[in-house]
Amino acid sequence: MMRVVTSSAILALSVLPALADRAVTEDERAKLVAAVQAEGCSGGEFEMDEDDQQFEVDDAVCADGKKYDLKFDMQVKLKRKNLD
């Protein structure tokens, strides 16, 4: 009986939908553009990572001419800047 309960619990958890990334709103985009520019960067693809509760900017080009992936918290404060 325990195996059936455990197997059922694992199955139920595995079919729950994961939160997906979503497009940013126009208000969020304006704030992110300003934050990206404050880091000396421009461009990139903007999205909100629902799982991690953070904003992501992929492929932003920064002052050194290289592409970076930027992560911002919900208050649009830079958390991470990784060379792409």
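The values are calculated or read from the model by the stated rules, or taken from the named source; none is laboratory data. The shown structure was predicted, so the numbers you read here are calculated from the model rather than taken from an experiment. Cβ coordinates were reconstructed from backbone atoms using ideal geometry, including for glycine residues, and neighbour counts include every protein chain displayed. We work out accessible area using only protein heavy atoms, side chains counted, and drop any ligands, DNA or RNA first. Shrake-Rupley method; radii C 1.70, N 1.55, O 1.52, S 1.80 Å.
If you place +1 on the Cβ of every Lys and Arg, -1 on the Cβ of every Asp and Glu, and leave all else neutral, what size is the dipole of segment 21-83 about its Cα centre, to the nearest 20 Debye? The calculated dipole for segment 21-83 is roughly 400 debye.
Remark: segment 25-35, residue by residue, has Karplus-estimated 3J(HN,Hα) of 6, 4, 5, 4, 4, 4, 5, 5, 4, 5, 5 Hz, where x stands for each Gly or Pro and the curve is 6.51 cos²θ - 1.76 cosθ + 1.60 at θ = phi - 60°. Using 0.36 nm per residue and subtracting the Cα-Cα separation, the extra length available between Glu26 and Asp52 on full extension is 7.3 nm.
Straight-line reach from Lys66: which aspartates and glutamates have a Cα under 19 Å away, not including same-chain ones fewer than 8 places off? Within the straight-line limit of under 19 Å, Lys66 reaches these aspartates and glutamates: Glu39, Glu45, Glu56, Asp58, Asp84.
As a rough guide to protection, the peptides 45-53, 21-29 ranked by mean Cβ packing within 10 Å, highest first, stand as 45-53, 21-29.
Using the heavy atoms of the protein chains and a 1.4 angstrom probe, tell me the accessible area per residue for segment 21-83 in square angstrom.
Averaged over the residues of segment 21-83, the accessible area is 58 Å².
Placing unit charges on each Cβ (+1 for Lys and Arg, -1 for Asp and Glu) gives segment 21-83 a dipole about its Cα centre, and among Ala38, Val76, Ala23 the Cα reaching farthest toward its positive end belongs to Ala38. Here the contact order of segment 23-84, divided by its residue count and restricted to Cα pairs under 8 Å and six or more residues apart, works out to 25 percent.
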